[in-house]
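Participant: My questions will all concern the structure given below.
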Amino acid sequence: MKMRWLIGLGLIGLLAACAHTFSGVAPNPLGPAPDFALTDEQGQPFKLSDLRGKWVLLAYGYTHCPDVCPLTLSRLRDVKKAVDANGDQVQVVFVTIDPERDSADIMQKYVGHFDNLFPQKFKGLTGTPAEIAAAAKPYNVKYEKKESTSAGGYSMGHTAEVYLIDPQFNWRMTFPFGVKAEEIAADLQYFMQHPEAK
Amino acid sequence: MKRVMVISVSLLLAAVLAACGPAAGGPTTGGVSVSDAWVRTPPISDQPGAAYLVIQNNGAADKLLSVTSDIAQTIELHESMESGGMMQMSPVPNILVPANGKVELKPGGFHMMLIGLTRPLKTGDKVQLTLNFEKAGKVPVTAEVREQ
């Protein structure tokens, strides 16, 4: 009788160890990550596929965004801190959807605020409006300029998801805006330990 | 016996003092109390920043009309919300604080937008904000500058 209980408990333990509930959503179908060419925070040409070999956390936003974008970037800072604080395996990439105001210099200051804990720096990408549009579309990133009565000038409405790309340059997961840092970190860690996982 | 008396009187005094002091959670004016005030360390000091706090109301409905501080030329009330699949941010004329309820100004929702920072703000700094309510009037609050 006791034996049956033990086996039962053991099975539950095994299941708990195997099951991982993802917080992100896998793209359907899974496939190569769309590539794009922009200008990095140093003013140098940069292709997303230059990051092949790393796990990439990709987010879009703009630096005149005081609320939502710093929240996203501080989440990505927390993910990096939890998973790869001193390493170079997880690369955070922030792409502006407001190229009118966000020069390479401003992108450097902005991402530089969030990556100062780490030896590996975040990428902050800008470009011409046409280049930004081409970088946004394949990830289903939507954005629009909104004139405002605010003394802070116009604002940009934008989707605020985070995209995960694996070292083989496949788009693995999309995290909706509300997903917390620890949830993204848990999914990323699971993938890093189970590269075959779907 | 004498000792019991002394202890009782002390306890009574402590209770009276506790009742007179400010309520836990921050300054109280009228039915409104403000707590957990913080300013996000601005990533770039010459661009808009954001501040957050919690307003608890133990009285009749009130409205937060405006906020002033020496740290910014202009402070606007804003709201971030999802609309058409996108996060949008818009100024709001005021923020309603329901009767016997609370409102949280927090990332991704209502916030104070700090425009034209008058000095660089560093993590750990303490700054003063003055909230102006329709009924409760001016409520001063100290906010901590922090990353999140």
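Participant: Enumerate the pairs (first residue in segment A:158-170 and closer than 13 Å to A:Cys69 by Cβ; second residue anywhere and outside any loop (DSSP other than H, G, I, E, B) and of a type in the set (S, T, N, Q)) with beta-carbon separation below 7 Å, excluding pairs fewer than 6 apart on the same chain, so at least 6 apart or on different chains.
Facilitator: A:Ala160/A:Thr72; A:Glu161/A:Thr174; A:Val162/A:Thr72
Participant: Under 9 Å by Cβ, and 6 or more places apart or on different chains, what pairs join a residue from segment A:73-87 that is in a helix (DSSP H, G or I) with one that is of a type in the set (Ser, Thr, Tyr)?
Facilitator: Note: pairs meeting the criteria are A:Leu73/A:Tyr110.
Participant: Ok, one more. State whether the residues of segment A:83-99 include one that is touching a His at 6+ places or on another chain (Cβ under 8 Å) and of a type outside the set (A, V, I, L, M).
Facilitator: Scanning segment A:83-99, I find at least one residue that is touching a His at 6+ places or on another chain (Cβ under 8 Å) and of a type outside the set (A, V, I, L, M), so the answer is yes.
Participant: Hey, another quick one. Can you work out which of the residues in segment A:123-144 that are within 14 Å of chain B (Cβ to nearest Cβ) and free of Cβ contacts under 8 Å to residues at least 40 places away in the same chain is farthest from A:Val92 (Cα to Cα)?
Facilitator: A:Glu144
Participant: Determine the pairs where a residue that is more than 7 Å from every other protein chain (Cβ to nearest Cβ) and part of a loop (DSSP other than H, G, I, E, B), located within segment A:52-69, has a partner that is surrounded by fewer than 24 Cβ atoms within 10 Å (Cβ to Cβ) and aromatic (Phe, Trp, Tyr) with Cβ atoms under 9 Å apart, the partner being 6 or more residues away or on another chain.
Facilitator: A:Arg52/A:Phe169; A:Gly53/A:Phe169; A:Tyr62/A:Tyr143
Participant: Could we say that A:Tyr163 is under 25 Å from B:Leu117 (Cα atoms) and of a type outside the set (S, T, N, Q) here?
Facilitator: Answer is no for this residue.
Participant: Please work out if B:Asn132 is under 17 Å from the mean Cα position of the chain (by Cα), part of a strand (DSSP E or B) and among the polar types (S, T, N, Q). Before you say what the answer is, go through the steps one by one.
Facilitator: On the way: under 17 Å from the mean Cα position of the chain (by Cα): yes; part of a strand (DSSP E or B): yes; among the polar types (S, T, N, Q): yes.
The answer is yes for B:Asn132.
Participant: Still on this structure, please answer the following. Within segment A:113-120, can one find any residue that is assigned to a loop (DSSP other than H, G, I, E, B), buried (at least 19 other Cβ atoms within 10 Å of the Cβ) and within 14 Å of chain B (Cβ to nearest Cβ)?
Facilitator: Yes; the residues of segment A:113-120 include at least one that is assigned to a loop (DSSP other than H, G, I, E, B), buried (at least 19 other Cβ atoms within 10 Å of the Cβ) and within 14 Å of chain B (Cβ to nearest Cβ).
Participant: Additional query: When both residues are 6+ apart or on different chains and their Cβ atoms are under 6 Å apart, which pairs have a first residue that lies in segment B:78-107 and is more than 9 Å from chain A (Cβ to nearest Cβ), and a second that is among the basic types (Lys, Arg)?
Facilitator: From segment B:78-107, the pairs are B:Asn94/B:Lys63; B:Leu96/B:Lys63.
Participant: Can you tell me which residue within segment A:70-99, out of those that are within 14 Å of chain B (Cβ to nearest Cβ) and acidic (Asp, Glu), is nearest to B:Pro91 (Cα to Cα)?
Facilitator: Selected residue: A:Asp98.
Throughout, read-outs are computed from the coordinates displayed, never taken from laboratory work. Being a predicted model, the structure only gives us computed values, none of them experimental. FYI the Cβ positions are ideal-geometry reconstructions off the backbone, even for glycines, and counts take in every protein chain you see.
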